[in-house]
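First up is the structure itself, then whatever we jot down about it.
Each reported figure results from applying straightforward, stated rules to the coordinates on display, with no laboratory input. Bear in mind that the values here come from a model prediction, so they are computed numbers and not experimental data. Note: ideal-geometry Cβ built from the backbone for every residue, glycine included; neighbour counts use all protein chains shown.
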Amino acid sequence: MNIKISEILEKIINLCFPMTCICCESFVESEGLCKDCWDKIHWLSEPICEICGKQIDAEVKICSECIRQKPIFDKAVSVFSYDAFSKHMIVNFKDNDCTYLAPLFAKWIERIIKKFSYEIDVIIPVPISFKRRLLRKYNQTELLAYELHKLSNIKYEPRSLKKNKDTLNQKKLSKKLRLKNLAKSFEIVPEYKSNIKDKVILLIDDVITTGATVNECAKQLKNAGALKVYVATIARVDLHNF
């Protein structure tokens with residue numbers, strides 16, 4: 001009887017508050033994207049670099065950049081490409097208070113980490129500075145990481161890693177300047193170091209561009225004794241096409 005009542009209530013809610021596509025706001029039958037918007041997203045799939053997650057040719061397993069200079073993190077994966085179309089979703093989530101997108105994005109991330117999720121001990125979000133949190137009112141990566149924790153039951157620890165200074169916006173900086181900008185901007189909180197030592201960490205961010213941010217975070221986590229650092233993001237920027 002209770003199941004039937006809940007089904008009736010759900011139908012009433014859907015009639016009063018119909019679901020809409022998170023991109024174009026057209027009506028949809030289930031949470032997420034309409035078919036047209038789904039088809040416009042560049043979902044990342046094989047072949048991708050086994051280290052950084054970048055789309056590559058089928059003949060190779062590791063991209064030339066990772067061969068030339070291997071990242072400090074062990075592996076990165078992303079759900080889709082950050083481009084002119086998908087940018088709208090990310091900007092809304094990150095800057096326009098669309099925090100309701102976190103559970104859906106977390107579901108998409110959960111799917112792409114399945115091959116190595118059994119290894120993960122702790123989920124840690126990329127932190128933002130105190131000043132940026134005041135301006136934005138929330139840290140979108142914490143929301144993502146928490147929703148992923150609820151889905152996966154993997155331990156969630158947002159306090160172990162912190163950003164100790166406000167840095168310049170990375171968007172308009174070259175790779176070299178990004179590295180300089182981020183140097184020593186993250187640190188491990190001493191009282192939470194035990195959450196990192198001898199653990200496999202999943203680092204969560206919204207977008208990966210050059211990888212400078214997650215690499216600097218991974219450096220601090222590895223220095224604190226992390227066995228491995230995996231990275232998962234919603235989107236990845238293709239620097240050749242953006």
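Is region 61-151 best put as rounded, prolate or oblate by its Cα gyration tensor, with a ≥ b ≥ c the root eigenvalues, rounded for a/c under 1.5, and otherwise prolate when a/b is larger than b/c, oblate when not? Prolate is the answer for region 61-151, as a/c is 1.5 or above and a/b outweighs b/c. Listed peptides 40-48, 148-156, 56-64 appear in the order 148-156, 40-48, 56-64 once ranked by packing, highest mean of other Cβ atoms within 10 Å at the front. Ranked for footprinting exposure by Cβ neighbours inside 10 Å, fewest first, 132, 111 give 111, 132.
For 29, 50, what ranking results if the residue with the fewest other Cβ atoms within 10 Å of its Cβ goes first? Intermediate values should be presented prior to the final figure.
Values: 29 9, 50 15.
Arranged by neighbour count, lowest to highest, 29, 50 become 29, 50.
Can you classify region 43-237 as rounded, prolate or oblate using the Cα gyration tensor, where a ≥ b ≥ c are the square roots of its eigenvalues, rounded means a/c under 1.5, and otherwise it's prolate if a/b beats b/c and oblate if not? Rounded shape, in that the Cα axes give a/c under 1.5. Annotation: amide H-H contacts under 5 Å for residue 31 (H modelled 1.01 Å from N, sequence separation of 5 or more, or interchain): none. As a proxy for reagent exposure, ranking 133, 236 by other Cβ atoms within 10 Å from fewest up yields 133, 236.
Our coupling estimate for region 129-138, obtained by passing each phi through the Karplus curve with A = 6.51, B = -1.76, C = 1.60 and θ = phi - 60°, is 6, 4, 4, 5, 5, 4, 5, 8, 6, 7 Hz, Gly and Pro reported as x. Relative contact order of region 43-237, taken over Cα pairs closer than 8 Å and 6 or more residues apart, is 26 percent.
Close amide-amide hydrogen proximity is noted between residue 55 and 49, each under 5 Å apart and 5 or more residues distant or on a separate chain (H modeled in the peptide plane; Pro and chain starts excluded).
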